[in-house]
Amino acid sequence: MKIAELKDVYYKYPDGTEALKGISLAVNDREVLCMFGPNGAGKSTVLLMLDALIFPQKGTVRLFGSEVDPKNASELRKKIGLLFQNPDDMLFNPTVLEEVSFGLISRGWRERKPREKLRKSSRKWD
Ligand SMILES: Nc1ncnc2c1ncn2[C@@H]1O[C@H](COP(=O)(O)OP(=O)(O)OP(=O)(O)O)[C@@H](O)[C@H]1O
Ligand SMILES: [Mg+2]
């Protein structure tokens, strides 16, 4: 089963940089895919697209069988984990508890719930 598919995808950043010009790829369930290429080739841009954080100007992106668009992106994103190249882009809270709560809270959990849940998972908090 294909979990991700890019078909003839084009992407231009707002400043006009053409990062992807007609990229196609498919990722199957349980498959490990390694992408390599020179700096600026477009690897990170493909990953942003596979996390439904950016959308192609031309071509299609399908995740878990659904064609991605800004309306279903946040729902699809719940099933995807993305580690950024630069850790400073991901770690920005003053404490570990706030850091690991951030994702749950931004998904609409009320603040008390993730904190309680995380406290229960370790006696070392606070
Ligand atoms: N936010 C941005 N705004 C404008 N252009 C960008 C942006 N991010 C990347 N680019 C440009 O898009 C192209 C593809 O960049 P991308 O970061 O996807 O490459 P990469 O293969 O991940 O490179 P690296 O190996 O350095 O991580 C490059 O020309 C880059 O300069
Ligand atoms: Mg990169």
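Below are the figures for this structure:
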read-out: Length-normalised contact order of region 27-126 in % [C-alpha pairs under 8 Å, at least 6 apart]; value: 14
read-out: Lysine pairs meeting the criterion (Cα under 15 Å, 8 or more apart or interchain), as found in the chain; value: 8
read-out: Listed peptides 81-88, 103-110 by packing density, highest first (mean Cβ within 10 Å); value: 103-110, 81-88
read-out: Within region 1-51, chymotrypsin sites (Phe, Trp or Tyr not before Pro) in DSSP loop having at most 12 other beta-carbon neighbours inside 10 Å; value: F36
read-out: Three-way shape label, region 12-87, alpha-carbon gyration tensor, a/c 1.5; value: rounded
read-out: For region 75-87, Karplus couplings with θ = phi - 60° (6.51, -1.76, 1.60), whole Hz, Gly/Pro x; value: 5, 5, 4, 4, 9, 10, x, 10, 9, 6, 4, 9, x
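Every number in this text was worked out from the coordinates using simple rules, so none of it is lab data. Just so it is clear, the model here is predicted, and its values are computed rather than measured. Glycine gets a Cβ as well: all are built from the backbone with ideal geometry, and neighbour counts include every protein chain shown.
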